[in-house]
Every structure is written in C-alpha cells, then in structure tokens.
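The values are calculated or read from the model by the stated rules, or taken from the named source; none is laboratory data. Just so we're clear, the structure is a prediction, and the values are computed from it rather than from any experiment. All Cβ positions, even for glycine, are placed from backbone atoms using ideal geometry, and neighbour counts span all protein chains on display.
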Amino acid sequence: MMVAMTGTPQLAHSKERVKRAGDRLRGWLLNEVDLTEVELSAELDVIEDFRACHAAPLTRVGAGLRYYVERYSTVKPEGRPVVAQRLKRMRTIADKLVREPGMGLSRMYDIGGCRALFASIDEMRRSVADLERQRRWDIVRIRDYVENPRPDSGYRAIHMIVRKDGFLIECQLRTVSQHAWAELIERTDRRTGMGLKAARAPADVTEYYRLGADLLAQLDAGDERDPETLRRFQALHAQVQQRLGGKETS
Amino acid sequence: MNLPEQYFLLIYDVNSRALQHEEFGGDYMAAATRYSDVEEAHRDSEGIEVVLVGADSFETIKRTHSHYFIERDEDLFHEFLNGATS
C-alpha cells in the first residue's frame with residue numbers, strides 16, 4: 001500500500017487485480033484452483049494490501065460516526081458514545097468469499113466495520129435520520145434489520161454502508177439489547193461450533209435464540225411480551241440448555 | 001469531547017479463553033502492518049483469533065467486542081424464564 005501526502009490510501013493494485021486475488025483464493029479454498037505456496041502468498045499479499053487500505057477511511061468513518069451519534073445516543077458509560085471499529089480478519093474474509101460465490105472481493109463492503117450502541121430504537125432511528133441528512137456522509141445502502149429481522153436467526157440492527165475515499169465501510173447500529181444478543185450468539189457459536197450466525201445450527205437451538213431476540217425486541221419497543229412467543233421460548237429452554245452442554249445458563 | 005482513535009490488536013486463544021492485546025496509539029499503519037504479521041504467524045492455528053480494533057479507549061472495545069472479554073450474558077434472557085421449568 002502507498003499512502004499519498006494527503007493521507008489518502010492508494011491501492012498498489014487495480015480493483016481488477018484485487019477481485020482476481022479474491023477469486024483465486026476462493027478457487028484455492030474450494031480445491032478448484034492449484035496455487036503454489038509462492039502464488040498463494042502473492043494473492044494473500046494483494047488481499048492484505050486491499051484490507052490495509054481500509055484502515056484510514058475506516059478511522060475517518062469511525063470518528064464521524066462517533067461525532068454524529070453523540071447527539072442521539074444516551075449510551076455513554078464514560079461520557080462518550082460507544083463507537084468502535086474493526087478490520088475484518090483474513091479468515092472471515094476467506095469464509096465470506098467461499099460462502100458467497102458471487103461476491104467480488106473489491107465489492108466486499110464490510111472489510112472495514114464500525115459499530116455504535118444506542119439505548120433505544122427511537123435514539124437509533126433519530127440518529128439514522130440525522131446521518132441521512134449529512135451531505136458529507138455518503139450512504140450507499142441501508143439495511144434495516146429492525147423492520148425486517150434476519151428470518152433465520154432473528155438478528156436485529158441497522159446496517160449502513162458508506163463510501164469514504166473510494167472504499168466501502170459498514171456501520172452497524174444496535175440497541176444495547178440487540179448488541180447483547182448478537183454477542184451472545186458470537187460466544188455460543190465459538191463455544192459450541194454450532195454455526196448460529198451462519199444458520200447451520202440445529203432447528204430447536206436456532207428457534208430458541210430467534211424467540212429470545214423477538215422477546216428482547218418487544219422489550220425494546222415497549223410492548224407487552226407476547227404470551228405465545230414466551231411460551232414457546234420457555235418450552236424450548238430446557239432441551240436447548242441440554243444440547244449446549246448445560247454450560248450456558250441464560 | 002472526542003478522544004483520538006486508538007488501535008488495539010486482540011489475540012484471543014479460543015481454547016484457553018486467554019486474551020492478549022497490543023496497543024498502537026493512533027498509528028493505524030503500524031497497527032495494520034502488525035495485524036498482517038501476527039495473523040500470518042497464526043494462519044494455520046484454528047484456535048487463535050487475531051483482530052484489529054479501534055476506539056477512543058480500551059473500555060469501549062470491552063463493550064463493542066464483549067465476547068472477547070466476558071464468558072456469557074448470564075441474565076440476558078433471565079426475565080423471560082420466570083416460572084419456567086428448566
């Protein structure tokens with residue numbers, strides 16, 4: 001990667017070369033393409049360079065998000081809003097290339113990702129509306145998983161993809177309870193290897209966590225808990241805990 | 001007040017659940033370079049997760065990436081289970 005005097009990252013490779021590196025890595029992972037160790041290493045270098053180019057725009061988007069969110073989010077444990085960023089792991093970039101064969105690496109929008117937390121749906125929506133009004137905030141796409149939760153898992157959040165310096169950055173906006181749920185799924189997946197995130201987990205476990213997400217959403221919305229959802233959730237509790245090895249008590 | 005971004009490399013051992021971290025202050029170039037190096041060193045070890053994160057403080061990372069710090073959310077579903085047999 002080269003960094004020009006302006007601090008704007010410049011790809012050492014063309015977008016076409018980046019896409020080809022992604023395609024070749026995918027092919028190698030699927031045993032469809034033979035690569036020598038040297039060739040594989042060269043492709044990985046191109047991909048790492050592409051990822052590293054996201055660091056500067058990611059930093060700017062993260063700082064911008066913190067600035068805008070500050071006005072609306074009341075989640076401020078240290079007097080400042082909770083906003084953080086991460087650069088996607090190479091392994092999860094590779095996983096995504098395999099999982100989504102139509103995804104060209106140069107169009108992967110979550111290599112740089114930000115996250116912001118809110119106390120309520122209302123705070124989050126007002127912040128989204130504010131961001132939509134900002135002329136310097138170049139929104140490419142908004143995915144509203146609050147209005148339309150992921151049907152398999154029940155995941156909720158608002159994802160906003162923005163463009164900065166020619167790179168795509170994904171912002172995940174979540175309420176505290178949506179975030180706690182998503183982190184619980186991360187932990188459960190890592191501990192059990194069940195693949196809740198990837199929708200590979202056993203049906204009863206998947207349904208249990210989906211119902212849990214629904215119940216948390218009812219609390220977020222200030223609604224009464226739906227008795228039928230509650231009944232099904234409680235009915236699944238014991239068998240799911242047993243499946244999880246009795247280690248998870250929540 | 002906004003503090004400048006700070007970068008942290010998290011190195012998490014899935015099996016022992018031990019987390020190490022390295023700090024880079026605001027030097028994201030140094031952080032990104034180190035990220036690639038550490039990741040490369042662990043490329044074949046399934047049980048090690050390496051991730052580069054940034055925020056105004058390490059405390060913020062503990063909230064936004066809590067799964068590296070806390071074993072479980074004991075009480076997340078607690079109030080849905082009152083009266084349930086388990």
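Could you go through the range A:34-48 and let me know if any residue there is in contact with a Ser or Thr (Cβ under 8 Å, 6 or more places away or on another chain), assigned to a helix (DSSP H, G or I) and more than 11 Å from chain B (Cβ to nearest Cβ).
If we filter the range A:34-48 for residues that are in contact with a Ser or Thr (Cβ under 8 Å, 6 or more places away or on another chain), which is where we start, we get A:48.
Still in the running and assigned to a helix (DSSP H, G or I): A:48.
Adding the requirement that they be more than 11 Å from chain B (Cβ to nearest Cβ) leaves none.
Looking for residues that are in contact with a Ser or Thr (Cβ under 8 Å, 6 or more places away or on another chain), assigned to a helix (DSSP H, G or I) and more than 11 Å from chain B (Cβ to nearest Cβ), one finds none in the range A:34-48, hence no.
If a residue has to be more than 19 Å from A:Ala63 (Cα to Cα), within 7 Å of chain A (Cβ to nearest Cβ) and either surrounded by fewer than 19 Cβ atoms within 10 Å (Cβ to Cβ) or touching a Pro at 6+ places or on another chain (Cβ under 7 Å) (or both) to count, how many in the range B:37-66 make the cut?
The qualifying residues number 1.
Residue by residue through the range A:77-93, note down the ones that are at pLDDT below 95 and among the small types (Gly, Ala, Ser).
Hit for the range A:77-93 is A:Gly79, nothing else.
The rows are residues; the columns are (1) crowded, with 22+ Cβ neighbours inside 10 Å; (2) touching a Phe, Trp or Tyr at 6+ places or on another chain (Cβ under 8 Å); (3) modelled with pLDDT of 95 or more.
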residue	(1), (2), (3)
A:Arg135	no, no, no
A:Arg143	no, no, yes
A:Thr175	yes, yes, yes
A:Arg187	no, no, no
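Pairs only if they're at least six apart or on different chains, beta carbon under 6 angstrom, first in the range A:203-217 and closer than 14 Å to A:Ala180 by Cα and within 12 Å of chain B (Cβ to nearest Cβ), second of a type in the set (Phe, Trp, Tyr) and surrounded by 18 or more Cβ atoms within 10 Å (Cβ to Cβ); list them, first residue then second.
Taking only residues 6 or more apart or on different chains, the pairs are A:Gly212/B:Phe77; A:Ala213/A:Trp181; A:Leu215/B:Phe80; A:Leu216/A:Trp181.
Scan the range A:221-229 and give yes if some residue there is assigned to a loop (DSSP other than H, G, I, E, B) and facing chain B (nearest Cβ under 9 Å), otherwise no. Give the derivation first.
Pass one, the range A:221-229, residues assigned to a loop (DSSP other than H, G, I, E, B): A:221-226.
Within this subset, residues satisfying the condition of being facing chain B (nearest Cβ under 9 Å) are A:225.
The answer is yes, given that some residue of the range A:221-229 is assigned to a loop (DSSP other than H, G, I, E, B) and facing chain B (nearest Cβ under 9 Å).
Pick from A:Leu97, A:Leu105, A:Leu87, A:Leu131: which is in contact (Cβ under 8 Å) with a residue 12 or more places away in the chain and either closer than 16 Å to B:Ala32 by Cα or within 13 Å of chain B (Cβ to nearest Cβ) (or both)? Write out each step before concluding.
Working: A:Leu97 fails: either closer than 16 Å to B:Ala32 by Cα or within 13 Å of chain B (Cβ to nearest Cβ) (or both); A:Leu105 fails: either closer than 16 Å to B:Ala32 by Cα or within 13 Å of chain B (Cβ to nearest Cβ) (or both); A:Leu131 fails: either closer than 16 Å to B:Ala32 by Cα or within 13 Å of chain B (Cβ to nearest Cβ) (or both).
Answer to the selection: A:Leu87.
Checking the structure you have, find out if any residue of the range A:68-78 is closer than 23 Å to B:Asp37 by Cα and outside any strand (DSSP E or B).
There is no residue in the range A:68-78 that is closer than 23 Å to B:Asp37 by Cα and outside any strand (DSSP E or B).
Given A:Thr59, A:Thr36, A:Thr74, which one is among the β-branched types (Val, Ile, Thr) and either crowded, with 18+ Cβ neighbours inside 10 Å or within 22 Å of B:Val53 (Cβ to Cβ) (or both)? Spell out how you get there, then give the answer.
Numbers: A:Thr36 fails: either crowded, with 18+ Cβ neighbours inside 10 Å or within 22 Å of B:Val53 (Cβ to Cβ) (or both); A:Thr74 fails: either crowded, with 18+ Cβ neighbours inside 10 Å or within 22 Å of B:Val53 (Cβ to Cβ) (or both).
One residue alone meets the criteria, A:Thr59.
Each row is one residue, and each column tells you yes or no for (1) free of Cβ contacts under 8 Å to residues at least 24 places away in the same chain; (2) assigned to a helix (DSSP H, G or I).
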{"residue": "A:Glu123", "(1), (2)": "no, yes"}
{"residue": "A:Arg135", "(1), (2)": "yes, no"}
{"residue": "A:Ser153", "(1), (2)": "no, no"}
{"residue": "A:His159", "(1), (2)": "yes, no"}
{"residue": "A:Leu196", "(1), (2)": "no, no"}
